[in-house]
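A.B. asks: Have a look at the structure that comes next, please.
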Amino acid sequence: MGPPLGPSQWGSRLGAPPPLPAVCGGAACEPGLPVGMAAIAATAGRLLRLRAAGAEGQWCRLRGAGLQAASAAGDAAQRRHVAHFTFQPDPEPQEYGQTQKMNLFQAITSALDNSLAKDPTAVIFGEDVAFGGVFRCTVGLRDKYGKDRVFNTPLCEQGIVGFGIGIAVTGATAIAEIQFADYIFPAFDQIVNEAAKYRYRSGDLFNCGSLTIRAPWGCVGHGALYHSQSPEAFFAHCPGIKVVVPRSPFQAKGLLLSCIEDRNPCIFFEPKILYRAAVEQVPVEPYNIPLSQAEVIQEGSDVTLVAWGTQVHVIREVASMAQEKLGVSCEVIDLRTILPWDVDTVCKSVIKTGRLLISHEAPLTGGFASEISSTVQEECFLNLEAPISRVCGYDTPFPHIFEPFYIPDKWKCYDALRKMINY
């Protein structure tokens, strides 16, 4: 794995961060290691977490991603432009009253604010959430609702989820934050063997259905191995939980409120690259978007394109390219809920078009595209005009400087679509 990066090397890999203050005394930091909330605020959410471990005593656990440094002078040369997609906002919703321009993290904050105001038992907890969170999704909520309802936890994902299960079992509403989806794996046992099975093993005498786990998810432009992963497929193999990934601020608020109010434990993955890149009109008042219902966001007749999260915007561009360059009409579907997923909507579309392309950022082997492909092949075999195509990440760890080559961008998707048409 190699030696840890020294402070002098950080700038060359991530862009030069501001000088770090002395020592962080917060509950979510390892004692005695340089971190500090001032640096986080100065970089608008980039957090460097250091953890003692490794052969020589310590190695870095970098907890920042998604945001460019605020310092302008030396930043021009270091700045990374993430251009593998263009965010396409939805039309302004009219049925939910007054709207306000929000980016994705503000829509998340609005949903959490609505939940805390509506439900006096609701609590929010996780690493640094009392300070607003590394992506500012909980900013201002502790001041508004008090430190007993919005509070920090130790740096222990297994403990965060276990604590949330305990709160939910009492009947209260638990909203847990895992700071990055990449670090959800220490909590895997609590999610899969406890939360998902609690109702079943007790014969519905007890349940933790009021637990929602939020986690920033997906590629970000410079997140590398530990800040870019898409682990939804790990949890899609686990009956008893729901897994949701939104594509936009409007979708994020409505789906998150549905997760919080759902009577099953939910994992809500938030595309971190969209926290600030995605901006659209979002209703101020609470509203719900049904879970397990995919959305056909563009109708077509020749090819069905399926994705979720950030990748929806990639395939929307692909659909435009296909129409313009090939005269091919694409039906674009945002799956939205990974588990349980909407088989009917996808199969109905494939019966009409005869072709299916599925794209996600996670590695190809064992990715959720495999499950969709298998089901569609079973249900729509006689309707298929070409083999189902999966355009996904490679079967490698998520790279750093090679991220542009790793991600399934519009050119890879367009090439796969063209091959399907010519099959």
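The values are calculated or read from the model by the stated rules, or taken from the named source; none is laboratory data. No experiment lies behind these values; they were computed from the predicted model shown. No Cβ is skipped: glycine too gets one built from the backbone with ideal geometry, and neighbour counts run over all protein chains shown. Quick note on the areas: whole protein, heavy atoms, side chains included, nothing else; ligands and nucleic acids left out. Shrake-Rupley method; radii C 1.70, N 1.55, O 1.52, S 1.80 Å.
A.B. asks: How many residues are open to solvent by less than 10 Å² (accessible area, probe 1.4 Å) and either at pLDDT below 95 or part of a loop (DSSP other than H, G, I, E, B) (or both) if we restrict to the stretch 203-222? Don't jump to the end; show me each part of the working.
C.D. replies: First, pick out the residues of the stretch 203-222 that are open to solvent by less than 10 Å² (accessible area, probe 1.4 Å): 208-220.
Okay, now just the ones that are also either at pLDDT below 95 or part of a loop (DSSP other than H, G, I, E, B) (or both), so 208-210, 218-220.
Residues that pass the stated criteria total 6.
A.B. asks: Still on this structure, I have one more. Kindly indicate which of ASP409, ASP342, ASP395, ASP334 is surrounded by fewer than 17 Cβ atoms within 10 Å (Cβ to Cβ), among the acidic types (Asp, Glu) and under 27 Å from GLY218 (Cα atoms).
C.D. replies: ASP395
A.B. asks: Can I ask one more? Among ASP182, ASP189, which is over 14 Å from the mean Cα position of the chain (by Cα) and modelled with pLDDT of 95 or more? Before you say what the answer is, go through the steps one by one.
C.D. replies: Details: ASP182 fails: over 14 Å from the mean Cα position of the chain (by Cα).
Of ASP182, ASP189, the one residue that is over 14 Å from the mean Cα position of the chain (by Cα) and modelled with pLDDT of 95 or more is ASP189.
A.B. asks: Ok, one more. Which one of SER349, SER374 is among the polar types (S, T, N, Q), over 22 Å from ASP302 (Cβ atoms) and part of a helix (DSSP H, G or I)?
C.D. replies: Numbers: SER349 fails: over 22 Å from ASP302 (Cβ atoms).
It is SER374.
A.B. asks: Tell me whether the stretch 136-146 contains one or more residues that are under 21 Å from the mean Cα position of the chain (by Cα), among the hydroxyl-bearing types (Ser, Thr, Tyr) and buried (at least 18 other Cβ atoms within 10 Å of the Cβ).
C.D. replies: Yes, the stretch 136-146 has at least one match.
A.B. asks: Would you kindly identify the helices (runs of 4 or more DSSP H) lying entirely within the stretch 243-330 that contain at least 2 residues that are of a type in the set (D, E, K, R) and open to solvent by 10 Å² or more (accessible area, probe 1.4 Å)? Steps first, please.
C.D. replies: Details: elements: 249-261, 274-277, 311-326.
Counting at least 2 such residues, we get 311-326.
A.B. asks: Return the pair list, or none, for Cβ contacts closer than 8 Å from residues in the stretch 145-172 that are farther than 16 Å from LEU211 by Cβ to residues that are open to solvent by 40 Å² or more (accessible area, probe 1.4 Å) and of a type in the set (Phe, Trp, Tyr), at least 6 apart or on different chains.
C.D. replies: What qualifies is ASN152/PHE131.
A.B. asks: Tell me the residue from ALA196, ALA233 that is within 21 Å of GLU371 (Cβ to Cβ) and open to solvent by 20 Å² or more (accessible area, probe 1.4 Å), please. Steps first, answer last, please.
C.D. replies: On the way: ALA196 fails: open to solvent by 20 Å² or more (accessible area, probe 1.4 Å).
Within the list ALA196, ALA233, the selection yields ALA233.
A.B. asks: Ok, one more. Run down ILE184, ILE167 and say which single residue is of a type in the set (Val, Ile, Thr) and open to solvent by less than 10 Å² (accessible area, probe 1.4 Å).
C.D. replies: Exactly one of ILE184, ILE167 is of a type in the set (Val, Ile, Thr) and open to solvent by less than 10 Å² (accessible area, probe 1.4 Å), namely ILE184.
A.B. asks: Further, regarding this structure: Test PHE105 against the stated conditions and say whether it is outside any loop (DSSP other than H, G, I, E, B), open to solvent by less than 40 Å² (accessible area, probe 1.4 Å), within 30 Å of TYR406 (Cα to Cα) and out of contact with any Ser or Thr (no Cβ under 7 Å at 6 or more places or on another chain).
C.D. replies: yes
A.B. asks: Now for a separate question. What is the number of the single condition among (1) open to solvent by 40 Å² or more (accessible area, probe 1.4 Å); (2) more than 22 Å from THR365 (Cα to Cα) that TYR226 does not meet?
C.D. replies: Unmet condition: (2).
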